[in-house]
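The values are calculated or read from the model by the stated rules, or taken from the named source; none is laboratory data. Quick caveat: nothing in here was measured; it's all calculated off a predicted structure. Cβ: placed from backbone, ideal geometry, glycine included. Neighbour counts: every protein chain shown. Accessible surface areas use protein heavy atoms only, side chains included; no ligands, DNA or RNA. Shrake-Rupley method; radii C 1.70, N 1.55, O 1.52, S 1.80 Å.
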Amino acid sequence: MEDKRNIQIIEWEHLDKKKFYVFGVAMTMMIRVSVYPFTLIRTRLQVQKGKSLYHGTFDAFIKILRADGVSGLYRGFLVNTFTLISGQCYVTTYELTRKFVSDYSQSNTVKSLVAGGSASLVAQSITVPIDVVSQHLMMQRKGEKMGRFQVHGNPEGQGVIAFGQTKDIIRQILRADGLRGFYRGYVASLLTYIPNSAVWWPFYHFYAAVSGPLAAATASILTNPMDVIRTRVQVEGKSSIILTFRQLIAEEGPWGLMKGLSARIISATPSTIVIVVGYESLKKLSLRPELVDSRHW
């Protein structure tokens, strides 16, 4: 029988699953709303040629706000909210994999490393098609288009409702690339997020809230080059990671691999604080009633 006095880390079997999913969706939505503008800015900075439109994160924020208002910072947000599904698949895979690996190793680092990588693989399989569509919506702006596709009608949304724009982008992707177009950049996404996730979780359990943001910033710096390539492959319709890398280096030099980094850190750090503090709080709130007394916080 399990010793209720010795639960150090709340695992999958300790949770009330209904509470876990309800609270989890609410927490994830809160994070998405708060950081989405910087996700949009990061994407535009990574796609633009040189500094043709924006000179940095703050400059992009001001220009988008002036041109399109607050709504301009949330282009593609409704589509992006479907990643809530992949978010729940991510945490479920993470917790179940930890449970599975615990049969072979009691090392928390090993469990976190394997579970983080596995969770990212499952999540990206769901997220990439949503990302492809939402990124093309992020590229819609007054004047010239930034991506391959442009919605018909006014990019501000007048004359074309949000879901009408989404349908338009989906049709254009299908016409240009077929179903494979929705998984453009899938390998690049895996190369970006699996290492990031596999490394982040061991730090999460080891350092907790104190160094979580630092770990997020470090992971952002290390994986930003692949994130830039992933974004360009998906938005510009590139077919090769290597050729995209070579073209980026030829056009903008090594610093091109760091495009959008500040916006990425700004979006990642608050998320990490919420995740580090919020995820443990979420698990505490979701703890099965009979185990509540086993934890002393």
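Some notes on this structure:
- Residue in segment 198-206 that is at pLDDT below 80, open to solvent by 30 Å² or more (accessible area, probe 1.4 Å) and closer than 21 Å to Thr81 by Cα present: no
- Elements of type helices (runs of 4 or more DSSP H) in segment 10-115, at least 1 residues being modelled with pLDDT under 85 and open to solvent by 60 Å² or more (accessible area, probe 1.4 Å): 17-47
- When we screen Gly164, Gly181, Gly157 for residues that are over 20 Å from Ile241 (Cβ atoms) and either at pLDDT 90 or above or outside any helix (DSSP H, G or I) (or both), the only hit is Gly157.
- Residue within segment 235-247 that is modelled with pLDDT under 90, closer than 24 Å to Met138 by Cα and in contact with an Asp or Glu (Cβ under 8 Å, 6 or more places away or on another chain) present: yes
- Answer from Leu40, Leu84, Leu113, Leu45 - the residue that is touching a Pro at 6+ places or on another chain (Cβ under 6 Å) and among the hydrophobic types (A, V, I, L, M, F, W, C): Leu113
A quick yes/no check of all residues on (1) farther than 10 Å from Gln46 by Cβ; (2) assigned to a helix (DSSP H, G or I); (3) open to solvent by 20 Å² or more (accessible area, probe 1.4 Å):
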site: Ala219; (1), (2), (3): yes, yes, no
site: Gln247; (1), (2), (3): yes, yes, yes
site: Glu251; (1), (2), (3): yes, yes, yes
site: Ala263; (1), (2), (3): no, yes, no
site: Thr269; (1), (2), (3): yes, yes, yes
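- The set of residues in segment 126-146 being free of Cβ contacts under 8 Å to residues at least 60 places away in the same chain and part of a helix (DSSP H, G or I) consists of Ile126, Pro129, Ile130, Val133, Ser134.
- Look at (1) in contact (Cβ under 8 Å) with a residue 24 or more places away in the chain; (2) on the phi > 0 side of the Ramachandran plot and you find that Gly69 fails only one, number (1).
- Flag if Pro202 is in contact with a Ser or Thr (Cβ under 6 Å, 6 or more places away or on another chain), in a helix (DSSP H, G or I) and farther than 16 Å from Ser239 by Cα: yes
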